[in-house]
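The values are calculated or read from the model by the stated rules, or taken from the named source; none is laboratory data. Only a predicted model underlies this, so the values are computations on that prediction, with no experimental measurement involved. Ideal geometry is used to build each Cβ from the backbone, glycine not excepted, and the neighbour counts take in all protein chains shown. The accessibility values were calculated without ligands, DNA or RNA, using every heavy atom of the protein model including side chains. Shrake-Rupley method; radii C 1.70, N 1.55, O 1.52, S 1.80 Å.
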Amino acid sequence: MKELLEKILADALETLKTADNAEALENARLKFLGKKGELTAVLRGMGALSAEERPIIGNIANEVRQKIEKSIADATEKLSRKELEHRLERERLDVTLPGKKADIGKKHPLTAVLDELCDIFTGMGFSIATGPEVELDYYNFEALNIPKEHPARDTQDTFYISDNVVLRTQTSGMQIRFMEHTKPPIRMIAPGRVYRSDAVDATHSPVFHQIEGLVVDKGITMGDLKGTLEVFAKRLYGEDIKVRFRPHHFPFTEPSAEMDITCFKCGGKGCPMCKGEGFIEILGCGMVHPKVLKTCGIDPEVYSGFAFGLGLERIAMRRYKIDDMRLLFENDIRFLSQF
Ligand code: DAH
C-alpha cells in the first residue's frame, strides 16, 4: 500500500508539472484528491489493514495528501501570476498617445447676458424668483390693473389656453405672485420666457425673455428707482453711459417712465443706430400703483415701491451687435460659436 501511495504522489507531481491552465489543475485535483479520486480510494481501503499498519499507512497517506495539496496551491499561484503578467502585457497603455479632445460648448448669448444681469442685481441685494409661463389671466392682467376691456391688452395679445389661462405676455405677473407670499422689504428680480402673438421679424418673436424687478419697503421713492437703475445701466454698459427717464404709461405703475441710455455707438451725438436720437430705450419702470399693493394685501399708506421690466433679447442684441432677433432662436452653431 505504501508503494501505491508513493506512486500516486509521483503521478500527481508529474501531472501538476504539465498542468498549465485552471481546468487542468482542477482535473488533477479531482483525479487525486476528489471524492472519487485515487487517494480517497486508498484511504477507503484502509479498513482492511492490521491495527499496526493502519497508523503508519495513515501517516503516509496524510503526507501524500499534504504534498499534493501544496503542489496544487503552488501551481495555482504560479498560474495566476502568469495570467496577470499576460494581462499586463496585453493591456499595456501607451501614455504617449495624444488624448481625445472634448468639444466644450459655451453659453448661448441670451444665457450669458441673463447671468450677467442676475449677477448685477444679486450684487445689489436682489433675490431671484421664477414662476409659471402658463399663467392665470388674473396674474398676467387683472391684478396688474389691466381689466378685461382695458386697451393695454391690445398691445399684448397672446395665446389663450382658456378664457382665464394665457401664455404670459410679461413677467410683471411675478410682482403679484411674489407680493402675495412675501412681506416687505422686497427686492427681487424675476427672469423668464414670455409670449405674444406677434409675427416673426428682425425685432419680434412670439417667444422672448424679460426680467422683472420689484422693490417694496417703507419710504421707497422715485429717487431709489433712478439710483438703482442708473447703477445697473453703468454696471452693464460702462461708467461713461448716461441715463434719461421719459414719462410713459403702464397701468400697474404710477408715475411710469421709460429709461434710455446714451447710444453706445455714437455716445449721444446721434447716428443711424439710435436713429439720430443719441439715446436708446432699454426698459420700462415706475412706482408700484397703490391699487396693485392693495390687491396684494400691502398697505400703500405704509409701504411704497418701484418696479421695472426689461427685454433680454434687446440687451443681448446690443451687447453682441446682433441685428436680427431670429438669429438668437435658430440655434445655428456657426452663428452661436462666434460669441
Ligand atoms: N411689463 C411691461 C411690458 O412688457 C414692462 C414693464 C414696464 C415692467 C414697467 C414693469 C414696469 O415692471 O414697472 O411692456
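Taking Cβ-Cβ under 4.7 Å as the only way to count a partner, pick out the unpartnered cysteines of the chain. Lacking a cysteine Cβ partner under 4.7 Å: CYS118, CYS285, CYS296. Here the Karplus relation 6.51 cos²θ - 1.76 cosθ + 1.60, evaluated at θ = phi - 60°, turns the backbone of the stretch 301-312 into coupling constants of 6, 9, 10, 9, x, 10, 9, 8, x, 9, x, 5 Hz, with x for every Gly and Pro. Across the chain the C-alpha pair distances fall into 20 Å bins from zero in the proportions 23, 32, 7, 11, 19, 8, 0 percent. Between LEU312, LEU114, LEU43, the residue with the greatest mean-square fluctuation in the GNM of the chain (Cα pairs under 10 Å linked by springs) is LEU43. Axis of helix 22-33 versus longest Cα principal axis of the chain: the two differ by about 40°, to the nearest ten degrees.
Counting only residues at least eight positions apart within a chain, or on another chain, the lysines with an alpha carbon under 25 Å from that of LYS78 are LYS7, LYS17, LYS31, LYS67, LYS70. Between the amide H of ILE161 and those of VAL166, LEU167, distances stay under 5 Å, these residues lying 5 or more places away or on another chain, with hydrogens modeled in the peptide plane.
Remark: the stretch 109-336 carries 48 Å² of accessible area per residue (probe radius 1.4 Å; ligands, DNA and RNA excluded).
Given R₀ = 41 Å, FRET efficiency for ASP299-ILE104 by Cβ-Cβ distance, to 0.05? Calculated value: 0.20.
Label-to-label distance for THR18 and LEU30 is 1.9 nm, based on points extended 7 Å past Cα in the beta-carbon direction.
Electrostatic tally near CYS271: other residues with Cβ closer than 11 Å to its Cβ, Lys and Arg +1, Asp and Glu -1, net +2. A Förster radius of 56 Å, combined with the Cβ-Cβ distance separating HIS86 from TYR138, puts the computed FRET efficiency at roughly 0.15. The angle between the Cα long axis of helix 109-123 and the main principal axis of the chain comes to about 80°, on a 0 to 90 degree scale. For the peptides 66-74, 149-157, residues were scored by their other Cβ atoms within 10 Å and the scores averaged per peptide; the highest-first order is 66-74, 149-157.
For the stretch 128-144, backbone phi angles converted through the Karplus equation (6.51, -1.76, 1.60; θ = phi - 60°) give residue-by-residue couplings of 10, 10, 10, x, x, 7, 8, 10, 6, 3, 4, 6, 6, 10, 3, 6, 8 Hz, Gly and Pro being listed as x.
Springs between Cα atoms under 10 Å define the GNM used for the chain, and in it the highest mean-square fluctuation of GLU133, GLU83, GLU142 occurs at GLU83. Calculated from the alpha-carbon coordinates, the stretch 49-107 shows an Rg and a Dmax of 27.6, 93 Å respectively.
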